[in-house]
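Novice: Below: one structure in structure tokens.
Read-outs: derived from the displayed coordinates by stated rules, not from any lab. These numbers were taken from a predicted model, which means no experiment stands behind them. Here Cβ is always computed from backbone atoms with ideal geometry, including for glycine, and neighbour counts include all displayed protein chains.
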Amino acid sequence: RKCLQRIKKTRHLNAYITVTEELAMKQAQEADDRLLRGKSLGPLDGIPFSVKDNFCTENVATTCASRMLRGYRPPFNATVVQKLLDQGAVLVGKTNLDEFAMGSGSTDGAFGPVRNPWSYAAPYRTLGHGTDPESDWVIAGGSSGGSAAAVASLSSFLALGSDTGGSTRNPGSLCGVVALKPSYGLLSRHGLIPLVNSMDVPGIMSRSVHDAAITLGVLQGQDEKDSTTVQAPHSPTALPQEFDVRDLCVGVPKEYHAPGLSAETLSQWTRVAAMFEGAGARVREVSLPHTQYSIVCYHVLCCCEVASNMARFDGLQYGHRSAVESSTEALYASTRHEGFNDVVRRRVLSGNYFLLKQNYERYFVKAQQIRRLITEDFRRVFSSGVDVLLTPTTLSDAATYSDFIQEDNRTRSAQDDIFTQPVNLAGLPAVTVPACLSGRGLPVSLQLIGRRLQDRKLLAVAHWLE
Ligand code: GLN
């Protein structure tokens with residue numbers, strides 16, 4: 001009930017697209033009954049959670065923040081949603097995002113932008129930025145901005161995001177919550193409406209690393225409905241109480257000193273590296289030389305997969321259908337024109353261009369080769385004895401909405417994914433944890449990257465840091 005009240009009180013954040021009040025009250029009642037009968041299902045029983053609106057939820061509208069999916073109610077739950085429900089967790093709503101998860105600001109959905117809850121926090125308002133939160137505010141990051149804002153504003157204890165190039169970690173970082181992108185294949189993608197099948201993973205946002213670890217324990221593992229899933233490694237679900245960092249080797253990649261990195265983020269990065277060192281860990285500078293190519297490589301591969309994935313939205317099977325029905329082609333064309341925003345249309349066009357017979361080798365194959373080199377960079381560093389990498393998550397704290405939507409800043413905002421995308425190209429786990437508040441009173445977070453399928457160790461280190 002408290003969470004539902006918080007949702008109402010924080011409506012101005014635009015964090016939710018659908019609130020599942022009735023369903024939530026029914027599930028919560030069932031959880032209460034179980035508790036009274038001493039039959040609680042475990043640590044998530046009765047815990048309110050929210051889900052990014054690109055995960056299918058049975059009989060509950062699933063829009064991907066697009067006009068294209070207006071009125072779509074899937075007949076099934078995504079595997080990760082079902083697993084949470086099976087543990088008694090209570091679904092309070094579906095959260096806002098960039099249309100089809102394409103973006104880094106949660107400013108590009110059909111239901112309007114998400115506002116970062118920190119826009120309303122006293123330090124931000126009173127430090128004289130000239131920003132009146134009614135006319136401008138700071139962005140929540142994206143594309144899972146609604147999920148991050150929901151956790152940060154205390155209307156959900158947990159939220160699912162999706163992470164293809166940083167979409168869970170970027171908003172988690174800008175909203176000051178814990179955000180985990182698990183190893184590719186550890187969590188099922190069944191029921192997650194695809195962006196880039198070879199990089200998508202469900203992400204977990206929570207108020208603490210401990211909560212993320214519990215949730216990961218519930219969600220991980222093989223799923224017969226997603227052939228890319230793997231069996232979860234055998235490791236204890238609970239995080240160690242005392243974690244000794246003296247056996248740990250922390251790598252600091254020198255290429256992550258990227259142009260545009262704010263002085264404050266850099267100083268937090270240096271501070272935390274020194275903290276590890278002070279506690280007895282070995283801290284080593286390492287090199288990931290192909291980092292500079294990751295953004296362009298990601299974009300080629302992303303557009304190619306988008307061109308293919310978006311083909312299913314033809315006005316016949318799901319959601320929106322145009323009234324123009326003079327021919328099949330005209331119906332397809334006008335449905336897609338009316339249904340998709342310009343970000344989606346641009347990616348479909350670019351993807352089809354990269355995939356043309358005469359361009360395929362030059363773009364698609366080349367990008368796959370570079371992807372291999374980026375993956376190799378990580379492999380080399382980890383096999384040289386490094387256990388985790390410590391990096392920033394974003395270049396700086398959150399931008400104001402008015403700055404973010406400037407056309408020149410659009411390209412810059414793609415640069416913001418520089419620290420998050422390489423991890424998706426390589427399929428590794430990464431987690432972001434809040435480090436401090438900036439001079440503007442906004443969260444600054446750092447990222448830890450782990451070896452493939454060592455998600456639990458990664459969380460143990462994050463827990464130590466928290
Ligand atoms: N910002 C990236 C993009 O626009 C990442 C999105 C994501 O992870 N879903 O594609």
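Novice: Sequence gap at least 6, Cα distance under 8 Å: using those rules, report the relative contact order of the chain to the nearest whole percent. Don't skip to the end; give the middle numbers.
Specialist: Working: 1059 pairs, mean separation 84.3, N = 466.
Relative CO of the chain lands at 18 percent.
Novice: Roughly speaking, what is the stretch gain from Gln415 to Leu356, that is 0.36 nm per residue apart minus the C-alpha to C-alpha distance, in nm to one decimal?
Specialist: 18.6 nm
Novice: If you don't mind, another one. Hey, can you grab everything whose amide H is under 5 Å from the amide H of Ile17? Only 5+ residues off in sequence or another chain; H modelled, so Pro and N-termini drop out.
Specialist: Amide H neighbours of Ile17: Lys94, Thr95, Asn96.
Novice: Same structure again: Fewest Cβ neighbours within 10 Å first, please rank Asp244, Asp163, Asp223 accordingly.
Specialist: Going from sparsest to densest Cβ surroundings: Asp244, Asp223, Asp163.
Novice: Assign one of three labels to region 236-366, namely rounded, prolate or oblate, based on the Cα gyration tensor with a ≥ b ≥ c the square roots of its eigenvalues; rounded applies when a/c is under 1.5, prolate when it is not and a/b is larger than b/c, and oblate otherwise.
Specialist: Judged from the Cα gyration tensor, region 236-366 comes out prolate (a/c at least 1.5, a/b above b/c).
Novice: Also, I was wondering about something else. Just want the ordering: Arg336, Arg115, Arg207, from fewest to most Cβ atoms lying within 10 Å of their own Cβ.
Specialist: With the fewest neighbours first, Arg336, Arg115, Arg207 line up as Arg207, Arg336, Arg115.
Novice: Could you pull out every one of the lysines with an alpha carbon less than 24 Å from that of Lys225, ignoring same-chain neighbours closer than 8 positions?
Specialist: Lys52, Lys83, Lys94, Lys181
Novice: Cross-link partners among aspartates and glutamates for Lys254, C-alpha distance below 18 Å, same-chain residues fewer than 8 apart left out?
Specialist: Correct list for Lys254: Glu264, Glu277, Glu285, Glu376, Asp377, Asp387, Asp416, Asp417.
Novice: Can you show me the helix-derived [θ] at 222 nm for the chain, built from DSSP H runs with n ≥ 4 at -39,500 (n - 2.57) apiece and divided by the number of residues, rounded to the nearest 500.
Specialist: Helix-only estimate at 222 nm: -11000 deg cm²/dmol.
Novice: Any idea how far the Cα center of region 32-95 sits from the one of region 232-279, in Å?
Specialist: A separation of 33 Å, based on Cα centres.
Novice: HN-Hα J couplings of region 292-306 from phi, Karplus 6.51/-1.76/1.60, θ = phi - 60°, integer Hz, Gly and Pro as x?
Specialist: With coefficients 6.51, -1.76 and 1.60, one gets 4, 8, 5, 5, 5, 4, 4, 5, 5, 5, 4, 4, 4, 6, 4 Hz.
Novice: Can you pull out the GluC sites (Glu not before Pro) in region 297-329 that DSSP calls coil and that have at most 13 other Cβ atoms within 10 Å?
Specialist: Values: sites: Glu305, Glu325, Glu329; in loops: Glu325.
Within region 297-329, the qualifying GluC sites (Glu not before Pro) (loop, at most 13 other Cβ atoms within 10 Å) are Glu325.
Novice: What nm distance separates the two modelled labels at Glu277 and His257, each placed 7 Å from Cα along Cα→Cβ?
Specialist: My value for the distance between the label points is 1.3 nm.
Novice: Under the classification rounded if a/c is under 1.5, otherwise prolate if a/b is larger than b/c and oblate if not, where does region 369-455 fall, given a ≥ b ≥ c as square roots of the Cα gyration tensor eigenvalues?
Specialist: Cα axes put region 369-455 in the oblate bin.
Novice: Please give the net charge around Met199, taking every other residue with its beta carbon less than 15 angstrom from that of Met199, where Lys and Arg add +1 and Asp and Glu add -1. Write out the running numbers ahead of the final one.
Specialist: Values: positive: Arg169, Lys181, Arg189, Arg347, Arg371, Arg372, Arg452; negative: Asp163, Asp200, Asp226, Glu305, Asp417.
Neighbour charge sum, excluding Met199 itself: +2.
Novice: When you take every Cα atom in the chain, what is the radius of gyration, and what is Dmax, the widest Cα pair distance, in Å?
Specialist: Just the Cα atoms of the chain yield Rg and Dmax of 21.3, 72 Å.
Novice: A further question on this structure: Within a 10 angstrom radius of the beta carbon, how do Lys366, Lys225 rank from fewest other beta carbons to most?
Specialist: Lys225, Lys366
Novice: With the Cα gyration tensor of region 160-313 giving a ≥ b ≥ c as the square roots of its eigenvalues, does the rule (a/c under 1.5 for rounded; else a/b larger than b/c for prolate; else oblate) give rounded, prolate or oblate?
Specialist: Because a/c hits 1.5 or more and a/b fails to exceed b/c, region 160-313 counts as oblate.
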